[in-house]
Structure formats: C-alpha cells, structure tokens
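First up is the structure itself, then whatever we jot down about it.
The values are calculated or read from the model by the stated rules, or taken from the named source; none is laboratory data. Keep in mind it's a predicted model, so treat the numbers as computed, not measured. Cβ sites come from the backbone with ideal geometry, for glycine too, and all protein chains shown count toward neighbours.
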C-alpha cells in the first residue's frame, strides 16, 4: 500500500511543525511555499553588516520546540540551543521611571514594589490570578480542538468548565488590572500584554491576563543564532525526516473532489495528496484557494475584526547603549489614547509605545563592533487603505524624538542603515490579510471560541494551522496548532 501523502501550504513555523508531526506519524510530506525561503514571519535578513530577525523577537515556551525533536527521536541540543534571560524586559516611562522585569519572581516583585510603591502583596495576588487562569484554560483552550465533542467529554475539560468564572471573561483587561493595582504604571505594564496577540486591553477580556504567567513563570529565552535559528533548526529536522520543501511555489487552488480535499494546484499543475493542511491565513485560504467554492466560506469568521499590525524600523546604530538590553519598552504617556488611535481611528497616534529589540546584546556578531542592530516596532492598525507613506513618516519622527529624549541623546545621526516593514508588506510577504499579525483580534469575550477550527467541517481531509486559527497567534500557539492538527488527522494505514 503506497505511503499516504500530506500537503502543507506554507512554510511558516506552524506549517513546518505540522509537517514534522505528520512525517513522524507516517505521512510522506511536501510543503509548498510562495517565498524563496522558509519561516514566514520568522525570517531574517542582512544589511550593511547588520543581521536582523525580521519578525517575532520574544521566545517563550521552548519546550514546544524541543518536543518536536524528541518525537523524532533526536537530541534537541544537537540542533537547537537557547539561554534563559535573567532580565525579561526593561521598561521606560515618560515620568522617568525605569523598571526591569526580572526572571526571578522574588526579585521581580521587589523591583516593581520598590519602583512604584505598590504593595508586594498586590503584585503576588495578581501573579496568583494569572496562574489560576492558566490552570483553568491550558488543557482546554490551548492544547485541544474546541470544535470536537470529545474535548468536552474529558474530565479535565469538565473540571475547567466548572471553574470558568475564574477566567475573568466578563470584564476587560484594563478594568481588571485597575482593581489589582493602585499605581497607574503597573496597570499600564500589565495592559501591555494585550498586544501579545494584537488586541486592545480596553476591550479584550481579562482572561488574557494569563499571558504574564507564560512570561514570568515559564521564562523568556534567547536562541543561539537568533530567532531565525528556530526556523533553520526545524528545517534541518524536516529535511532529515524526508519532508520535501518546494519554494517559489505559490498554491493557486485547493482541489476538491467529492467533497474531499484531494490536492492542490501549483503553476497550473495538480498535485495529489491524501490530506491538505493550510498554513496560509484562513482569510486568504478561502478567498484565494477556495474561491471556487464560495458556499463553504464561514462568513462570520471571515468578517471578524482583524488583529492589529506592526510598523517596524530596522536600524543599524553606530553606538552601544549600556542602559538597553535585549528587550526594551518605551511607554506612551496616554495608553488609552494610543489604543483609541489604533482601534477607533485606524491610525497612529502622536505618542506610540515603542518596542526596541537588540539581538546584538546577546549575539554580538549581529552588528559591527561597537554598533547595535535595532528592531524598532510600534503597534498599528491593520491595513484598510490608510496613507501608509504619510503615517510612516510621521511615526518615524515621533519614534526618533521619543527615543532620543528618553535615552538622553539624539539618535538621528547614529542611524547608519534602515529597512521598513509595514502592514502592506507584511500582507504581501506573508499572506496575512490586512497585515494583521495574529489573524483575528481577541477584543471579544468569546474570541477563543470564534477562531476558525483546525479541521474543516464541510470538506473532508482539509486542515488548518497557524496564527489565524485555533488556538491563536505567536510562536507557542502556532506550534500548538500543529499538535492539534496532528491529533485530528487519521493515522496512516501503512
């Protein structure tokens, strides 16, 4: 009996992880990627002696990477290594306050209390609440399909359902945070976690206050070789498992026969497969690859509010800044006004919060000696036809002014080279509809249940992975989507 074949559309991190799991399961796997390189958003590039990770820069939950190597019978440390950060992130406020989020929980509580005057008991109480939300939701919302009856018939799920009031879904993040902390700086500190999945803390349910637990309890890490080494190490494993990568091969259509996905069309040729998994944004999967079957489009899902996008400046800086670390945040003075600009006005306000990542702090060869590679990002609305050239120019001036003022030095003459990524180019390079980074937003208490399922309910043998479907965006959740898809697919009869 011939080995069953799995076709993966897109070599993003979820697509590669799904391919690895299916190959281990017994499928012959082929990945078709429109770009000339793997990784999707998790890519890299070089410019004038500087190396930049193009996309995600925060690495948490490394066990989900290690698990793929272990499943394949490999030693993860022969392929992929990382170090835990002692300082997760440095925070700079407009009033001159500076905070360091230490990995050590005791040191972290002492730092926040000493810098803000907030009682340590309140900070610990918040951490306990974050953990409680994780304990309730983890095995239900993250690791299994929400669209499968068997999920709800498991005892752990039933226990979690009985505890659902504990996930704090009936109020928004900001309101919840304001009840925990008297100090506005700590409220803003914890509101920021809404941006980890492209949402608005003034609308997103307080359930998202689970995110600090991921970061503080499980830790933040830096991969040796930079973030792109996540991609390169998994590609190496995939190659060893016999997975075939086809680059410069944009998929034109998912072929449906007798209500089953039977393959794909690439360059006019039909390539047959027993199962098809789309790692493309679910919006484009339907609108481009299944546009010949409009009757099966899940209109409500496709019409949901998209997550925010990003504007990123990649700067080569001709100086070393000792006060900066790998991760740095420069807060806006008025957080609510910033989010109103993004979500209500669909524009960029005059004082955006700035995230600054400098991988050369831990990987010195990412920049010339005495220089630094700055990944400078702000949250922006999804692309709905705004005048992005004008917005980029205005935002750049605001960012330069803000960083110069808070760092005490004009950074303009230090910028040796520059590249820019905006919502338009995010969409064109990664097929992310409107340039949204995480598919749909979580600005709704039912958002977790409204994400597209990992398996089609109308077409057999069609599956979905990646940040635009359940359980959500970001590297850990994309890897979990791969696990869910693998669990949903039939075991090959070899």
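I'd like the full set of residues that are buried (at least 16 other Cβ atoms within 10 Å of the Cβ) and farther than 16 Å from residue 354 by Cβ, limited to segment 374-393.
Listed by number, the residues that qualify are 381, 382, 383, 386, 388.
Only one of (1) surrounded by 16 or more Cβ atoms within 10 Å (Cβ to Cβ); (2) outside any loop (DSSP other than H, G, I, E, B); (3) modelled with pLDDT of 95 or more; (4) more than 20 Å from the chain's Cα centre (by Cα) is not met by residue 136, so which one is it?
The failed condition is (3).
Testing residue 286 on (1) touching a helix residue (DSSP H, G or I) at 6+ places or on another chain (Cβ under 7 Å); (2) closer than 19 Å to residue 467 by Cβ; (3) in contact (Cβ under 8 Å) with a residue 24 or more places away in the chain; (4) in the same structural domain as residue 27 (by TED's automatic domain parsing), one condition comes back false. Which one is that?
So the condition that residue 286 fails would be (3).
What number goes with the only condition from (1) in a helix (DSSP H, G or I); (2) in contact with a helix residue (DSSP H, G or I) (Cβ under 8 Å, 6 or more places away or on another chain) that residue 201 does not pass?
Only one criterion in (1) in a helix (DSSP H, G or I); (2) in contact with a helix residue (DSSP H, G or I) (Cβ under 8 Å, 6 or more places away or on another chain) is unmet by residue 201, namely (1).
In segment 405-423, is there at least one residue being within 16 Å of the chain's Cα centre (by Cα) and within 17 Å of residue 284 (Cα to Cα)?
yes
The rows are residues; the columns are (1) outside any helix (DSSP H, G or I); (2) surrounded by fewer than 16 Cβ atoms within 10 Å (Cβ to Cβ); (3) at pLDDT below 95.
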site	(1), (2), (3)
235	no, no, no
239	no, yes, no
253	yes, no, no
262	yes, no, no
265	yes, yes, no
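When the residues of segment 373-400 are filtered to those that are in contact with a helix residue (DSSP H, G or I) (Cβ under 9 Å, 6 or more places away or on another chain) and in a helix (DSSP H, G or I), which remaining residue is farthest from residue 58 (Cα to Cα)?
This residue is 388.
Do we find a residue being under 16 Å from the mean Cα position of the chain (by Cα), buried (at least 17 other Cβ atoms within 10 Å of the Cβ) and at pLDDT 95 or above anywhere in segment 449-462? Even if it seems obvious, please write down each step before you answer.
Filtering segment 449-462 for residues under 16 Å from the mean Cα position of the chain (by Cα) gives 451.
Now narrow it down to the ones that are buried (at least 17 other Cβ atoms within 10 Å of the Cβ): 451.
If we keep only those that are at pLDDT 95 or above too, we end up with none.
There is no residue in segment 449-462 that is under 16 Å from the mean Cα position of the chain (by Cα), buried (at least 17 other Cβ atoms within 10 Å of the Cβ) and at pLDDT 95 or above.
Conditions tested, residue by residue: (1) touching a helix residue (DSSP H, G or I) at 6+ places or on another chain (Cβ under 9 Å); (2) in a helix (DSSP H, G or I).
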{"site": "410", "(1), (2)": "yes, no"}
{"site": "417", "(1), (2)": "no, no"}
{"site": "425", "(1), (2)": "yes, yes"}
{"site": "442", "(1), (2)": "yes, no"}
{"site": "458", "(1), (2)": "yes, no"}
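Just need a number here: residues in segment 72-114 that are buried (at least 17 other Cβ atoms within 10 Å of the Cβ) and free of Cβ contacts under 8 Å to residues at least 40 places away in the same chain.
Residues meeting the conditions: 5.
Residues checked against (1) surrounded by 24 or more Cβ atoms within 10 Å (Cβ to Cβ); (2) under 19 Å from the mean Cα position of the chain (by Cα); (3) in the same structural domain as residue 285 (by TED's automatic domain parsing):
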{"position": "10", "(1), (2), (3)": "yes, yes, yes"}
{"position": "13", "(1), (2), (3)": "yes, yes, yes"}
{"position": "18", "(1), (2), (3)": "yes, yes, yes"}
{"position": "24", "(1), (2), (3)": "no, no, yes"}
{"position": "28", "(1), (2), (3)": "no, no, yes"}
{"position": "31", "(1), (2), (3)": "yes, no, yes"}
{"position": "48", "(1), (2), (3)": "no, no, no"}
{"position": "52", "(1), (2), (3)": "yes, yes, no"}
{"position": "55", "(1), (2), (3)": "yes, yes, no"}
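Limited to segment 295-326, what total is found for residues that are at pLDDT below 95 and loosely packed, with under 14 Cβ neighbours inside 10 Å?
The number of residues fulfilling the criteria is 4.
Taking the options 26, 10, name whichever one is closer than 23 Å to residue 435 by Cβ and either at pLDDT 95 or above or in contact with a helix residue (DSSP H, G or I) (Cβ under 9 Å, 6 or more places away or on another chain) (or both).
Numbers: 26 fails: closer than 23 Å to residue 435 by Cβ.
Result: 10 is the single residue among 26, 10 that is closer than 23 Å to residue 435 by Cβ and either at pLDDT 95 or above or in contact with a helix residue (DSSP H, G or I) (Cβ under 9 Å, 6 or more places away or on another chain) (or both).
Residue check: is residue 208 touching a residue at least 12 places away in the same chain (Cβ under 8 Å), in the same structural domain as residue 447 (by TED's automatic domain parsing) and crowded, with 19+ Cβ neighbours inside 10 Å?
Working: touching a residue at least 12 places away in the same chain (Cβ under 8 Å): yes; in the same structural domain as residue 447 (by TED's automatic domain parsing): no; crowded, with 19+ Cβ neighbours inside 10 Å: yes.
In short, no.
So, in segment 334-350, of the ones that are touching a helix residue (DSSP H, G or I) at 6+ places or on another chain (Cβ under 9 Å) and touching a residue at least 60 places away in the same chain (Cβ under 8 Å), which residue ends up surrounded by the fewest Cβ atoms within 10 Å (Cβ to Cβ)?
336
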